[in-house]
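To keep things clear, I will list the structure first and then write my remarks on it.
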Amino acid sequence: MSTAQQVPDILSPEFAADPYPAYRVMRETAPLIWHEATKSYIVSRYEDVERVFKDKAGEFTTDNYAWQLEPVHGKTILQLSGREHAVRRALVAPAFRGSDLEQKFLPVIERNSRELIDGFRHTGSADLVADYATRFPVNVIADMLGLDKADHPRFHRWYTAVIAFLGNLSGDAEVTAAGERTRVEFAEYMLPIIRERRERPGDDLLSVLCAAEVDGVRMSDEDVKAFCSLLLAAGGETTDKAIAGIFANLLRHPDQLAAVRADRSLIPRAFAETLRFTPPVHMIMRQSATEVELSGGTVPAGATVTCLIGAANRDESRYRDPDRFDVLRDDLTTTTAFSAAADHLAFALGRHFCVGALLAKAEVEIGVGQLLDAMPDVRLADGFEPAEQGVFTRGPQSLPVRFTPVKG
């Protein structure tokens, strides 16, 4: 097994600036690294990350979320396993697929996207991150839950603090304190609303969660609050960075942008390829339940395992020419890209596969389509080159564009 000295450290400025060369070195020469600062084993090859996520042999758990997530969200569905996890997932999953998603939430998604685009469609310029991507998914989730969108600045501050807490690999005390404060503030905000919905339910998602029952089990107020917290953070940060990433990738590849503009059925392919090429979440941690042999050595029982999604999704043994963005690549299956059978790793895999994957797909299809309609000749602002930022989650911080406003 390798030590961290042989490759750029995941906490170094060099790595933060561009992790992809480091990922290649890890895959080729150090597929299993003991990382002292995070007290974790880092895995980078596709086959190893896939094995950890699918966990067919019961070798890996989400017990690490007790210290990673619980301080900011409370105890969420991600920490549960076995029957307890299956029942809780059965309570929340129906709202994110099939008829519920289509009938209830597609109009919500369309309306929220249009409202944001109306704010800049006549101006000829926008920052697709600040004016759209950071606002759109959070507005959708607030609307779905029946929360007041006037509280958007608070939601955004909370989920930003939560994501900073999750990505606080260096252990900054202020970031930790801000994340823990968010849990208290969010509970003070949400619990009275949850109690009110139990007494006077509406047709919003929060009322559905309050009323849902499987095998005589219902979610407690704390369960519902924790799930809403998770939904805002996971659904906000990731879709935000995915939409920014799609446009950054397409604007860098004008021929592919033209192809997607001409054939909107390519939007899911552009999303799937963005999830592979520049995933919003670059690392997810699991805990080993037993001693496990992986490429490059042995992980002892009870260890934290840091799975580098950003590295695995560019593994040469899995994808041809993996450092090339190609919406038409034939070694990435779009039809399964938003299900637990996905052959990229951006949503994880197995029983903890992202419950909101189809919601994210709907947001991206509608949002990207509406943006292309509003900006037929969209191009990067003169002299601007998109740059990703972040280590745990990663994406463009800014994406200024110019376009000729559509009359009408």
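The values are calculated or read from the model by the stated rules, or taken from the named source; none is laboratory data. Keep in mind it's a predicted model, so treat the numbers as computed, not measured. Ideal geometry is used to build each Cβ from the backbone, glycine not excepted, and the neighbour counts take in all protein chains shown. When the accessible area is computed, the model is the full protein with side chains, heavy atoms only, and any ligands, DNA or RNA have been set aside. Shrake-Rupley method; radii C 1.70, N 1.55, O 1.52, S 1.80 Å.
Miscellaneous remarks
- Pairs, first basic (Lys, Arg) in the range 234-251, second open to solvent by 10 Å² or more (accessible area, probe 1.4 Å) and at pLDDT below 90, C-beta under 7 Å, six or more apart: Lys241/Thr393
- Members of the range 1-21 that are at pLDDT below 95, open to solvent by less than 70 Å² (accessible area, probe 1.4 Å), part of a helix (DSSP H, G or I) and touching a helix residue (DSSP H, G or I) at 6+ places or on another chain (Cβ under 8 Å): Phe15
- For the residues Arg314, Arg320, the requirement of being among the charged types (D, E, K, R), under 28 Å from Ala164 (Cβ atoms) and out of contact with any strand residue (DSSP E or B) (no Cβ under 9 Å at 6 or more places or on another chain) singles out Arg314.
- Scanning the range 31-53 for any residue that is crowded, with 21+ Cβ neighbours inside 10 Å, within 24 Å of Leu332 (Cβ to Cβ) and modelled with pLDDT under 90 turns up at least one such residue.
- Taken together, the residues in the range 271-320 that are within 25 Å of Lys361 (Cβ to Cβ), open to solvent by 20 Å² or more (accessible area, probe 1.4 Å) and over 16 Å from the mean Cα position of the chain (by Cα) amount to 2.
- Set Gly390, Gly356: member being buried (at least 21 other Cβ atoms within 10 Å of the Cβ), touching a residue at least 12 places away in the same chain (Cβ under 8 Å) and more than 17 Å from Leu250 (Cα to Cα): Gly356
- Residue that is modelled with the highest pLDDT [pool: residues in the range 359-387 that are buried (at least 20 other Cβ atoms within 10 Å of the Cβ) and assigned to a loop (DSSP other than H, G, I, E, B)]: Met375
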